[in-house]
Amino acid sequence: MERNALIQKLEDKAPRYRVDILEMLTEAGSGHPGGSLSAIDLISALYHGKLRHRPDEPHWDRRDRFVLSKGHGVPAQYAVMADLGYFPREQLWTLRKLGSALQGHPCKQYLAGIDASTGSLGQGLSMAQGMALASRLDGDRYQVYCMMGDGESQEGQVWEAAMSAAKYKLGALTLILDYNKGQIDGYTRDVMDLEPLGDKWRAFGWHVITIDGHDYAQILDALDESERVVGRPSIIIAHTLKGKGVKFMEENIGSWHGVAPSREEADRAIAEVRRRANLSLEEAVR
């Protein structure tokens, strides 16, 4: 698809994905709205603009792999997967319910199209590195993308994987960091400051790209750039806003990690998403 048309498509889908995330979490009565809303633009751009995949053939062996290391943000991935036809959209409202394939964290045993079961933070990059090594053994048949949270990157295992991915020159590996500056205990700068973040990854031998994680042109350009890098892994440091699209969530990021909105709060949030996007009521609800 031509680039401008793709960007317009992503912009059109963004508010609908945000509404689906809010509806899912409200129906479930639990979950993580802040980190799901900060990640949705990145995940949407990846699936629609870069990832080689086949919803009707989810185990296609030449598909690109995607590891959502910040597994609590999986409502964003589910919203995109449903839209692409991996499963019926009505299944979104079973999120976190007993017996549902849509668990609160991604589970590959339950849902075709999920490449890694995640949830214990800090482990996804190691999984993605293993997949990238497998791609090399298979003749560089696919790219591997991993999305990680910023609070998660305080984990020691992340930096062990960062060292070894550079050592093995894994050009097929791209890490996307959802840098929304917040975690369950507050701001990352107060809990365990990550800066100077780009310099740290460069020192570990990675190709570093820094972008606005809500700007589709920048996201797509960064994904293209990372795919062209040879002989070392890439990280896209995407500056995002926790709760993006809902003002009362954006302004209180510490309150929206692991807390689902009430029906009243969800209605307020959905009305705001509609207003910002000029959506009719029928376009913005399930």
- prompt: Picking from GLN218, SER135, HIS32, whose Cα lies most toward the positive end of the charge dipole for the chain (charges on Cβ: Lys, Arg +1; Asp, Glu -1)?
  reply: SER135
- request: For segment 11-152, state the semi-axes of the equivalent ellipsoid (square roots of 5 times the eigenvalues of the alpha-carbon gyration tensor), sorted largest first and rounded to whole angstrom.
  value: 24, 16, 14
- prompt: Along the charge dipole of segment 3-284, which of ALA172, LEU102, MET192 sits closest to the positive end, that is, farthest toward it, with unit charges on the beta carbon of Lys, Arg, Asp and Glu (+1, +1, -1, -1)?
  reply: ALA172
- prompt: Taking the chain as a Gaussian network, Cα atoms linked when under 10 Å apart, which of ALA217, ALA165, ALA238 shows the biggest mean-square fluctuation?
  reply: ALA217
- request: Any chance you could give the angle, 0 to 90 degrees and rounded to 10, that helix 3-28 forms with the longest Cα principal axis of the chain?
  value: 60 degrees
message: Using the Cα centre of the chain as the reference point, and only Cβ charges (+1 on K/R, -1 on D/E), how large is the resulting charge dipole? Debye, rounded to the nearest 20.
response: 480 debye
- prompt: Summing Lys, Arg as +1 and Asp, Glu as -1, what charge do residues with Cβ under 15 Å from the Cβ of GLU160 carry, GLU160 excluded?
  reply: 0
task: For each of CYS107, CYS146, count neighbouring Cβ atoms within 10 Å of the residue's Cβ, then give the residues from fewest to most.
output: CYS107, CYS146
message: How big is the dipole moment of segment 7-64 about its Cα centre under a simple scheme where the beta carbon of each Lys and Arg is +1, that of each Asp and Glu is -1, and everything else is neutral? Debye, nearest 20, please.
response: 240 debye
Separation between Cα centres of segment 55-74 and segment 198-217, rounded to whole Å: 22 Å
statement: Final fewest-first order of ASP115, ASP193 on the 10 Å Cβ neighbour count is ASP193, ASP115
- prompt: Given +1 on the Cβ of Lys and Arg, -1 on the Cβ of Asp and Glu, and no further charges, what dipole in debye does segment 172-251 carry about its Cα centre, rounded to the nearest 20?
  reply: 160 debye
Most mobile listed residue (GLY29, GLY182, GLY139) in the chain, GNM with C-alpha springs under 10 Å: GLY139
- prompt: If the chain between ASP61 and GLN8 were fully stretched, how many nm would it gain, using 0.36 nm times the residue separation less the Cα-Cα distance?
  reply: 16.0 nm
- request: Check the straight Cα-Cα distances from LYS108 and name the lysines below 18 Å, setting aside those fewer than 8 residues away within the same chain.
  value: LYS70, LYS97
- line: Against the 2.2 N^0.38 Å rule of thumb, the C-alpha Rg of the chain sits at a ratio of 0.94
- request: Mind giving me the FRET efficiency for GLU195 and LYS247? R0 is 30 Å, r the Cβ-Cβ distance, nearest 0.05 is fine.
  value: 0.70
task: Output ³J(HN,Hα) for segment 35-46: one whole-Hz value per residue in order, computed from phi by the Karplus curve 6.51 cos²θ - 1.76 cosθ + 1.60 with θ = phi - 60°, and x for Gly and Pro.
output: x, 6, 6, 6, 9, 4, 5, 5, 5, 4, 4, 5
query: Reachable lysines from LYS169, Cα under 22 Å, same-chain residues fewer than 8 places away excluded?
result: LYS50, LYS200
message: Nearest 10 degrees is fine. How inclined is helix 216-228 to the longest principal axis of the chain, computing both from alpha carbons?
response: 20 degrees
Distance between segment 122-180 and segment 250-273 - C-alpha centres, whole angstrom: 32 Å
- prompt: Against the longest alpha carbon principal axis of the chain, how many degrees, from 0 to 90 and to the nearest 10, is the axis of helix 156-167 turned?
  reply: 50 degrees
task: Just name one of VAL273, VAL246, ALA112: the one whose Cα is farthest towards the positive end of the charge dipole of the chain (beta-carbon charges, Lys/Arg +1, Asp/Glu -1).
output: ALA112
- request: Would you mind telling me the antiparallel percentage of the DSSP bridges in segment 140-286, rounded to 5?
  value: 10 percent
- request: Extending each Cα 7 Å along its Cβ direction at LYS167 and GLN109, get the distance between those two points in nm, one decimal.
  value: 3.1 nm
- prompt: Counting other C-beta atoms within 10 Å, which of SER69, SER153 has the fewest, and how do the rest follow?
  reply: SER153, SER69
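No lab work stands behind these numbers, since they all come straight from the coordinates. Predicted model, so just to flag it, every value in this text is computed and none were measured. Cβ atoms come from the backbone with ideal geometry, glycine included; neighbour counts cover every protein chain shown.
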